[in-house]
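Heads up, the thing below is written out as structure tokens.
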Amino acid sequence: IGMLTLVTTMLVTALTVAREREQGTFDQLLVTPLRPGEILLGKALPGFLIGMVQGTVILLIATLWFRVPLLGSLPALYAGLALFLLSGVGAGLLISSLAVTQQQGLLGAFLFMVPAVILSGFATPIANMPAVVQTITLIDPLRYFLVILRKVFLEGAGFDVLAGQFWPMAVIGGVSLILASWLFRHRLY
């Protein structure tokens, strides 16, 4: 769920503002009566909704077709998914705000996704990584979402157990969205 939604969300959002710049319609967006934050919200919402639908489809396939038992709280899983998508959309919009062309946005998204997957603890446990790398993993939203998935699916965890995983993703999402909004307003080329 985590990696597939990250790929889709990052690609959808990382190309949005860059596409507007490349096509020359970015200036037209800025002269509309909408504030930059509202335009950015309009760019973020499709990626978020696509990620929620995709996460739901993957969850249904996992539980109904592959019969993976879901032992924990479904609302806690969706809260984690929403916060994870918020941080992914924020990172994608930040990349898109920095990129001038769609090709730069695409490369920026992959430049973010590959280390995010490697440092998430998916293939190699974070505890086995060097201390410096373990510190770097603290800014990886996929790290926290994989813990949420494992604890909800396998351990039956709820909100009380997962609170320590929710707030870092909310901070990552908030900071990246604020930076993307600032870049959206101040980077006019």
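Yes or no, residue by residue, for (1) of a type in the set (Gly, Ala, Ser); (2) in a helix (DSSP H, G or I):
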| residue | (1), (2) |
| --- | --- |
| Met52 | no, yes |
| Gly55 | yes, yes |
| Arg67 | no, no |
| Leu70 | no, no |
| Ala76 | yes, yes |
| Phe84 | no, yes |
| Val89 | no, yes |
| Leu94 | no, yes |
Among (1) open to solvent by 30 Å² or more (accessible area, probe 1.4 Å); (2) under 30 Å from Asp27 (Cα atoms), where does Val117 come up short?
(2)
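Could you look through the stretch 1-35, keep only residues that are of a type in the set (A, V, I, L, M, F, W, C) and more than 18 Å from the chain's Cα centre (by Cα), and pick out the one that is farthest from Ser181 (Cα to Cα)?
Keep residues of the stretch 1-35 that are of a type in the set (A, V, I, L, M, F, W, C), which gives 1, 3-4, 6-7, 10-12, 14-15, 17-18, 26, 29-31, 34.
Okay, now just the ones that are also more than 18 Å from the chain's Cα centre (by Cα), so 26, 29-31, 34.
Working: Phe26: 14, Leu29: 14, Leu30: 13, Val31: 16, Leu34: 13 Å.
Checked the stretch 1-35; the qualifying residue farthest from Ser181 (Cα to Cα) is Val31.
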The conditions are (1) modelled with pLDDT of 95 or more; (2) over 30 Å from Phe26 (Cα atoms), and Ala123 fails exactly one of them. Which is it?
(1)
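Residues are listed down the side, and each one gets a yes or a no for (1) outside any helix (DSSP H, G or I); (2) within 20 Å of Ala18 (Cβ to Cβ):
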{"site": "Leu106", "(1), (2)": "no, yes"}
{"site": "Ala109", "(1), (2)": "no, yes"}
{"site": "Pro115", "(1), (2)": "no, no"}
{"site": "Ser120", "(1), (2)": "yes, no"}
{"site": "Ala123", "(1), (2)": "yes, no"}
{"site": "Leu138", "(1), (2)": "no, no"}
{"site": "Leu149", "(1), (2)": "no, no"}
Check off (1) farther than 15 Å from Leu81 by Cα; (2) open to solvent by 30 Å² or more (accessible area, probe 1.4 Å) for Ala99 and give me the number that stays unchecked.
(2)
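Please verify whether Phe159 is closer than 23 Å to Thr8 by Cα and open to solvent by 40 Å² or more (accessible area, probe 1.4 Å), treating the condition exactly as stated.
Values: closer than 23 Å to Thr8 by Cα: no; open to solvent by 40 Å² or more (accessible area, probe 1.4 Å): yes.
In short, no.
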Can you find even one residue in the stretch 47-67 that is buried (at least 17 other Cβ atoms within 10 Å of the Cβ) and among the hydroxyl-bearing types (Ser, Thr, Tyr)?
no
Identify, please: which residue in the stretch 7-53 is among the hydroxyl-bearing types (Ser, Thr, Tyr) and modelled with pLDDT of 90 or more and is, among those, nearest to Gly80 (Cα to Cα)?
Thr9
Within the stretch 104-123, take every residue that is over 17 Å from Ile148 (Cα atoms) and of a type outside the set (A, V, I, L, M, F, W, C) and give me the one that is farthest from the chain's Cα centre (by Cα).
Gln104
Consider only pairs whose beta carbons are under 9 Å apart and that are at least six residues apart or on different chains; among these, list those whose first residue lies in the stretch 166-186 and is farther than 10 Å from Ala91 by Cα and modelled with pLDDT of 95 or more and whose second residue is among the basic types (Lys, Arg) and in a helix (DSSP H, G or I).
Pro168/Arg143
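The values are calculated or read from the model by the stated rules, or taken from the named source; none is laboratory data. Just so you know, these numbers come straight off a predicted model, no measurement behind them. Virtual Cβ from ideal backbone geometry, glycine too; neighbours counted across all protein chains shown. When the accessible area is computed, the model is the full protein with side chains, heavy atoms only, and any ligands, DNA or RNA have been set aside. Shrake-Rupley method; radii C 1.70, N 1.55, O 1.52, S 1.80 Å.
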